[in-house]
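Novice: Pasting a structure below so you can have a look.
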Amino acid sequence: MGERVTARAPGRVNLIGDHTDYTGGLVLPMAIDRWTTVTGVRTAGDVRLQSRQAAEAKAYVDAVASEVAFSGGFDGWIDSTVPIGAGLSSSAALEVAVALALGFTGPPLELARLCQRAEHRATGVPTGIMDQLTAAAAVEGHALLIDCTALAVTPVPLPDGVEVVVIDSRQRRALVGSAYAERVAQCAAAEAVVGPLRTATMSDIARIADGVVRRRASHVVTENARVAAFAAALEAGDVASAGRLMAASHASLRDDFGVSTPTVDALVARLAAMPGVLGARMTGGGFGGCVVALTRPGALHEGWLVRPVGAAEVVAA
Ligand code: GLA
């Protein structure tokens, strides 16, 4: 038996900037105090990890082991406090924790890229880099403004006097993969007409003939602007503006990008009407899962309060 290793990686909630990462846009997630932990010993045999979600976990573990080009064995188990399939990046947390447990030691961006490739290999869904980069590069007490063209991460402190609350719609996310791939293809179709959406303007977008593709592109261009404005609002402590930008983001994801659901819309509307709620929106890929709210302290008595935590790490070796 070899040395015992424990590695853990956090889940994330995205405060604003959804369906922008895969066109090189802006996102503003934060890692949350929910982790996936991988513990075990290096062996001479195969990679064997036990977990309560054994079947789902295996594809990710195998994909990460291939990407790390891991040649040894590992015998251990996976434990997670990140809810599975709720839009809080349980799979990215798993990938990043496994890569670290198997001995990956490169810089955060390389870790994130490797785990993004593992995600593609495991699921076939052409996801962006937000989730893996958040787990790999998070900074305690901060959200992360990520420029997905430059792959630059700028920590943005959460101002005092606000809380981030995650509320589960309890709607199981279904057909997410095919709908996600369709959105990626629609953004590519838009870029074939106007060039990179990251630098396109609304007058460029007006030239797109296909109405659906034009609406998708319109979401991306307006969302990138909202992310920049949201980061500036947080820096200025203008939490009321930040909340309004979250509401506008939700409306855009619902009306232009078509990734919300009536259940999630109703939850967002109910939360937004509550005293002390500054803003609420769907978070992540959509089609069910969780909603994120920015609130005055103690405003909500449902969901769970999340705290911005630091990056994935080997916690004991
Ligand atoms: C999923 C993907 C991310 C991102 C979001 C939507 O979480 O893994 O890369 O595209 O959806 O913002």
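Novice: Take every DSSP beta bridge whose two residues both sit in the chain, then give the antiparallel share in percent to the nearest 5.
Specialist: Numbers: 45 of 49 bridges.
The antiparallel fraction comes to roughly 90 percent.
Novice: Taking the Cα-to-Cβ direction at Arg48 and at Arg270 and moving 7 Å from each Cα, how far apart do the two end points lie in nm?
Specialist: 4.6 nm
Novice: Let me know the shape class of the stretch 244-317, please: from the alpha-carbon gyration tensor, a ≥ b ≥ c as square roots of the eigenvalues, rounded when a/c is under 1.5, otherwise prolate if a/b is greater than b/c, or oblate.
Specialist: Numbers: a/c = 2.37, a/b = 1.42, b/c = 1.67.
Taking the square roots of the gyration eigenvalues as a ≥ b ≥ c, the stretch 244-317 is oblate.
Novice: Rounded to a whole number of µm²/s, how large is the Stokes-Einstein D of the chain at 4 °C and 1.567 mPa s, given Rh as the Kirkwood radius over C-alpha pairs? Mind showing how you got there, number by number?
Specialist: On the way: Rh = 19.7 Å.
So the translational diffusion coefficient is about 66 µm²/s.
Novice: With each label point set 7 Å from Cα along the Cα-Cβ vector, what nm distance links Asp75 and Thr105?
Specialist: Result for the modelled spin labels: 2.5 nm.
Novice: Further, regarding this structure: By the gyration tensor of its Cα atoms, with a ≥ b ≥ c the square roots of the eigenvalues, what is the shape of the stretch 125-192: rounded for a/c under 1.5, prolate for a/b over b/c, or oblate?
Specialist: Oblate is the answer for the stretch 125-192, as a/c is 1.5 or above yet b/c matches or exceeds a/b.
Novice: Accessible area of Val139, 1.4 Å probe, to the nearest 10 Å²?
Specialist: In the full protein context, Val139 sits at about 50 Å².
Novice: Pull out the extension gain between Thr154 and Trp304, defined as 0.36 nm times the separation in residues minus the alpha carbon to alpha carbon distance; nm, one decimal.
Specialist: On the way: separation 150, 0.36 × 150 = 54.00 nm, distance 2.57 nm.
Length gained, Thr154 through Trp304: 51.4 nm.
Novice: Determine the shape class of the stretch 63-121: with a ≥ b ≥ c the square roots of the Cα gyration tensor eigenvalues, call it rounded for a/c under 1.5, and otherwise prolate if a/b is greater than b/c, oblate otherwise. Show your work: numbers first, answer last.
Specialist: Details: a/c = 1.85, a/b = 1.29, b/c = 1.43.
Note, shape of the stretch 63-121 comes out oblate.
Novice: Roughly what % antiparallel, to the nearest 5, for the DSSP beta bridges in the stretch 30-138?
Specialist: Of all bridge pairs located within the stretch 30-138, approximately 65 percent are antiparallel.
Novice: Here's a follow-up. Tell me, what is the per residue accessible area of the stretch 144-211 in Å², probe radius 1.4 Å?
Specialist: Here the residues of the stretch 144-211 average 51 Å² of exposed surface.
Novice: Could you size up the charge dipole of the stretch 135-254 around its Cα centre, putting +1 on the beta carbon of Lys and Arg and -1 on that of Asp and Glu, and report it in debye to the nearest 20? Don't skip to the answer; put the middle values down first.
Specialist: Values: 12 positive and 12 negative charges, 131 e Å.
It comes to approximately 620 debye.
Novice: What's the carbon and sulfur percent of the stretch 115-254's accessible surface, probe 1.4 angstrom, rounded to a whole number?
Specialist: Values: 3230 of 5970 Å².
Carbon with sulfur: 54 percent of the solvent-accessible area.
Novice: Hey, got the dipole for the stretch 184-227? About the Cα centre, +1 on K and R Cβ, -1 on D and E Cβ, debye to the nearest 20? It would help to have the intermediate numbers written out before the result.
Specialist: Working: 6 positive and 4 negative charges, 19 e Å.
In total the dipole reaches around 100 debye.
Novice: Magnitude of the Cβ-charge dipole of the chain, K/R +1 and D/E -1, about the Cα centre, nearest 20 debye? Intermediate values should be presented prior to the final figure.
Specialist: Numbers: 27 positive and 31 negative charges, 101 e Å.
It works out to roughly 480 debye.
Novice: At a Förster radius of 35 Å, what calculated FRET efficiency corresponds to the Cβ-Cβ distance of Thr263 and Ser203, to the nearest 0.05? Display every interim value, and only then the final one.
Specialist: On the way: r = 36 Å, r/R0 = 1.02.
E between Thr263 and Ser203, to the nearest 0.05, is 0.45.
Novice: Between Ser249, Thr36, Val162, whose Cα lies farthest towards the positive end of the dipole of the chain when Lys and Arg beta carbons carry +1 and Asp and Glu beta carbons carry -1, centred on the Cα centre?
Specialist: Result: Ser249.
Novice: Given a Förster distance of 41 Å, report the FRET efficiency between Ala232 and Val314 from their Cβ-Cβ distance, rounded to the nearest 0.05.
Specialist: Numbers: r = 35 Å, r/R0 = 0.87.
Approximately 0.70, to the nearest 0.05.
The values are calculated or read from the model by the stated rules, or taken from the named source; none is laboratory data. Nothing here was measured: the structure is a model prediction, and the numbers come from that model. Cβ: placed from backbone, ideal geometry, glycine included. Neighbour counts: every protein chain shown. SASA here: full protein model, heavy atoms, side chains in, ligands and nucleic acids out. Shrake-Rupley method; radii C 1.70, N 1.55, O 1.52, S 1.80 Å.
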